[in-house]
1. Being among the aromatic types (Phe, Trp, Tyr) and over 22 Å from LEU469 (Cα atoms) narrows it down to one residue among PHE61, PHE42, PHE94; which is it?
2. Looking at segment 131-142, I want the residues that are in the same structural domain as ASN240 (by TED's automatic domain parsing) and have a partner that is acidic (Asp, Glu) with Cβ atoms under 7 Å, at least 6 apart or on another chain. Which pairs are those?
3. Any idea how many residues of segment 215-269 are touching a residue at least 24 places away in the same chain (Cβ under 8 Å), outside any loop (DSSP other than H, G, I, E, B) and either of a type outside the set (S, T, N, Q) or closer than 20 Å to THR566 by Cα (or both)?
4. Which of the residues belonging to segment 103-143 are surrounded by fewer than 21 Cβ atoms within 10 Å (Cβ to Cβ), within 30 Å of THR261 (Cβ to Cβ) and hydroxyl-bearing (Ser, Thr, Tyr)?
5. In the list GLY189, GLY176, GLY184, which residue meets the criterion of being touching a strand residue (DSSP E or B) at 6+ places or on another chain (Cβ under 7 Å) and without any contact (Cβ under 8 Å) to a residue 40 or more places away in the chain?
6. Does at least one position in segment 55-68 carry a residue that is part of a helix (DSSP H, G or I) and either in contact with a Lys or Arg (Cβ under 9 Å, 6 or more places away or on another chain) or surrounded by 14 or more Cβ atoms within 10 Å (Cβ to Cβ) (or both)?
7. Looking only at residues that are over 14 Å from GLY101 (Cβ atoms) and touching a strand residue (DSSP E or B) at 6+ places or on another chain (Cβ under 8 Å) in segment 112-127, which one is modelled with the lowest pLDDT?
Amino acid sequence: MNSVSTQNIRFRNRLLKGVLVCVAAVAISTGAWAQKLNQVAFRPESVKRVFFDGNLQGEKFQIIDAASSVVFDGELTKSKYWPCSGTKVCYAEFSDLSNVGQYNLILANNTRSLTFDIKGDVYNEVGKAMMKSFYYARASMEIKPVFAGKYARPAGHPDNQVYIHESAASGQRPAGSVISSPGGWYDAGDYNKYIVNSGITTYTLLHLYDLFGDNLASFKMNIPESGNGLSDLLNETIYNLRWMLTMQDPNDGGVYHKLTTKNFCGMKMPYADNLDRYVVMKSTAATLDFTAVAAKSYRILKAYENELPGLADSCLKAARLAWDWSMANPKVLYRQPDDITTGAYKGDQIEDEWFWASVEMYLATGDSKYVSDININKTNFMLPQWGRVNTLGLYSVCTSETTNSLKELDVKTSKKKLIKLADHYLETYKHSGYRISIDKFPWGSNSELANQGILLMHAYLLTNNQDYLEAADACVGYILGANPLDRCFVTGFGNNSPMSIHDRRSIADGITEPIPGLLAGGPSKEARHDCGEDNYQSEFPALSYVDMECSFATNEIAINWNSAATFLILGLDAIYSSEK
């Protein structure tokens, strides 16, 4: 909860003409007032709301600037029940206030006050930290003090001696033979690397650059590659892309589902984990995800042949080989071997992977054979996550500059489909007590919300309808603290962010503060046994969260979750910066 500074109390007292309420204000502001807001700062263009308990509905509020002048006044909205939290809520809205500075919001009749900031660079600041979290997650590389400060560590998992698991054996690569597959990012709170989850993560970051490259061309975040002529967003993403390329069997084009130890290691640092590592069976889902990412990479990286000689062509060649393997093996579903207990990332429906790969191959090559079986009208699109990826293809179709004249993709219908899907979340946003688009809380609910924001941003780009942009921006506010838990879910930001995330590095490094820029999964009721039911204080889904290391269900981190929030925040920053 925001505390009231001496300066803030002085401003408030002036407004109340000398009434002696300083002590009461401090006491109330530390608990009973229960205000929820973006704890970091608002952008000048962003939605600006502070949420309060519903019993304060209709109360007058004023906003005071640093010169003690009243710059905005209004009243709290009517109270509304939000079934996700089981609470009634009202809010103050002051989105028209856009001047950079620090302000006080005061409910004069209740002698209560809070401080907030409006900063022009806040989304860039948060987005840069979230993007840099991928550097901290690099495998096979020393994380040096010059780039990481106190989070520096020796290299972990060189992955230059990785065993072919029995499930992945082939004539050219029998079980027990050794391959090299270094690099890439640790997937989540563990140290394994999974193609399916890397697929959506890498695409999301590549697509962010694809849409907003002009804004992100000079993006720097102090990593080893900084200053090489490329945006650091591309530099960091390429680190994982190069690992993905090593996961393809060059003999047949198939892609291994994951690189993993047989069991999760204990809560230790990466360099202390010496368990044997394996590549585990080839699957059609992994191979198609790989195909899509490699094809997308080709389209973006071919413009950087001087900086990255041969990489784009290597990606397209790998994509073609992977496509051919998938055509010969159209439904090889991942099945977890009996001796492997790490993340499965399995699914029995892979039509969405086929759609995504088909679209990306068509956009990369212009060859209509890749989309001959696609019917946009009959395709059911859903909010993206690692197991639902066809809408990623829809994003590429709707935003590609080359598709307007390509009838095979039916761009007009594609755009209608995207907007229809976005409209569902826009309506939820408009009717929500917390003015937010989420009303279900699966595992990784914060990522679900961030992906809703990405979808809404795409709808805005297609229509220029400000309602979509407003709803996307509200997703940022929620993630940064405007939620019933009064929690900023990004480590290192806000005054109430996660301190005990489920992440082996942050648990084992001996540093009090977790690695910054990580998005906690967020409230969910899907696995409350992880810490025991008694540690979860509410049965309401939006309140089912605990900041404990044991809570892999609500407090773990993952690369796909971070990539979605990174896209949302940096994408909005680019849109706002371009519209100045």
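1. Values: PHE42 fails: over 22 Å from LEU469 (Cα atoms); PHE94 fails: over 22 Å from LEU469 (Cα atoms).
Going through PHE61, PHE42, PHE94 in turn, just one is among the aromatic types (Phe, Trp, Tyr) and over 22 Å from LEU469 (Cα atoms): PHE61.
2. That search, which allows pairs on different chains as well, returns MET131/GLU236; PHE134/GLU236; TYR135/GLU236; ALA139/ASP159; SER140/ASP159.
3. 20
4. Scanning segment 103-143 gives a single hit, SER140.
5. Numbers: GLY189 fails: without any contact (Cβ under 8 Å) to a residue 40 or more places away in the chain; GLY184 fails: without any contact (Cβ under 8 Å) to a residue 40 or more places away in the chain.
Result of the check over GLY189, GLY176, GLY184: GLY176.
6. From segment 55-68, those part of a helix (DSSP H, G or I) are 55-56; that's our starting set.
Narrowing the set further to residues that are either in contact with a Lys or Arg (Cβ under 9 Å, 6 or more places away or on another chain) or surrounded by 14 or more Cβ atoms within 10 Å (Cβ to Cβ) (or both) leaves 55-56.
Scanning segment 55-68 turns up at least one residue that is part of a helix (DSSP H, G or I) and either in contact with a Lys or Arg (Cβ under 9 Å, 6 or more places away or on another chain) or surrounded by 14 or more Cβ atoms within 10 Å (Cβ to Cβ) (or both).
7. First, pick out the residues of segment 112-127 that are over 14 Å from GLY101 (Cβ atoms): 112-114, 123-127.
Next cut, touching a strand residue (DSSP E or B) at 6+ places or on another chain (Cβ under 8 Å) only: 112-114, 126.
Working: ARG112: 72, SER113: 84, LEU114: 93, VAL126: 98.
Among those that are over 14 Å from GLY101 (Cβ atoms) and touching a strand residue (DSSP E or B) at 6+ places or on another chain (Cβ under 8 Å), it is ARG112.
Matching residues to (1) farther than 18 Å from LEU288 by Cβ; (2) crowded, with 21+ Cβ neighbours inside 10 Å; (3) at pLDDT 95 or above:
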{"site": "LEU206", "(1), (2), (3)": "no, yes, yes"}
{"site": "GLY213", "(1), (2), (3)": "yes, no, yes"}
{"site": "ALA217", "(1), (2), (3)": "yes, no, yes"}
{"site": "LYS220", "(1), (2), (3)": "yes, no, yes"}
{"site": "GLU225", "(1), (2), (3)": "yes, no, yes"}
{"site": "LEU233", "(1), (2), (3)": "yes, yes, yes"}
{"site": "TYR239", "(1), (2), (3)": "yes, yes, yes"}
{"site": "ASP249", "(1), (2), (3)": "no, yes, yes"}
{"site": "HIS257", "(1), (2), (3)": "no, yes, yes"}
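The values are calculated or read from the model by the stated rules, or taken from the named source; none is laboratory data. All values reported here derive from a predicted model rather than from experimental measurement. Reconstructed Cβ throughout: ideal geometry from the backbone, glycine too, with neighbour counts over all protein chains shown.
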